[in-house]
Structure formats: C-alpha cells, structure tokens
Amino acid sequence: MIKILYVCHEPLPSPHANTEQTVMTAVALADDGAQVHLLCPVPRHRAPGGWEQISEFYGVSGNSDGRFRLIELPGPR
C-alpha cells in the first residue's frame, strides 16, 4: 500500500476553492487504496474541527476503512 502525506497550507474547513481541491484529491487517493495523512494548520484561536466537520463541509464520505487520517497542527498558516 502506498502512503501519502498530503499537506494543506490553509486551515480546514475553508471557503477557498483550493482547500476543496485538496480534500477531494486526498479522499480520492484514499478511496483508490492509498493510506493518506492530510496535514493542515489550526489557528491558535480555533479548536481543531476534526474529520466529521470537514467531511460535512465538503460533502465527502466517511472514513470507515481508516485509510484517511487528518492531522491538525496548532500554529500559524
């Protein structure tokens, strides 16, 4: 199985189109069999949203098989 670290420079979720492309690509790679870790920043003034908030915002399916992992790191963009 291929392992991918996919890095997003924007906090998620975000109304910017590039974040939608990032999430959709990461999910598609996981759906295709890769193990994907999506790394994104979380501003210090905001609590981490978690996968549930992101999947609802972007309208993507759940992560029942565990191939997709969200890593949220506190700090600036």
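The values are calculated or read from the model by the stated rules, or taken from the named source; none is laboratory data. Please read these numbers as outputs of a predicted model, since none were measured by experiment. Here the Cβ positions follow ideal geometry from the backbone for every residue, glycine too, while neighbour counts run over all protein chains shown. Please note that ligands, DNA and RNA were not included when accessible areas were found on the heavy atoms of the full protein model with its side chains. Shrake-Rupley method; radii C 1.70, N 1.55, O 1.52, S 1.80 Å.
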Restricting the range 1-11 to residues that are of a type outside the set (Lys, Arg) and within 19 Å of residue 66 (Cβ to Cβ), the one surrounded by the most Cβ atoms within 10 Å (Cβ to Cβ) turns out to be 6
It is to be established whether one or more residues within the range 50-62 are within 10 Å of the chain's Cα centre (by Cα) and among the aliphatic types (A, V, I, L, M). yes
Evaluate the following for residue 69: is it open to solvent by 50 Å² or more (accessible area, probe 1.4 Å), part of a strand (DSSP E or B) and modelled with pLDDT under 90? yes
Subset of the range 22-60 (residues that are part of a loop (DSSP other than H, G, I, E, B), touching a residue at least 12 places away in the same chain (Cβ under 8 Å) and open to solvent by 20 Å² or more (accessible area, probe 1.4 Å)): 33, 43, 44, 46, 48, 49, 60
Can residue 36 be described as more than 16 Å from residue 68 (Cβ to Cβ), touching a strand residue (DSSP E or B) at 6+ places or on another chain (Cβ under 7 Å) and among the hydrophobic types (A, V, I, L, M, F, W, C)? no
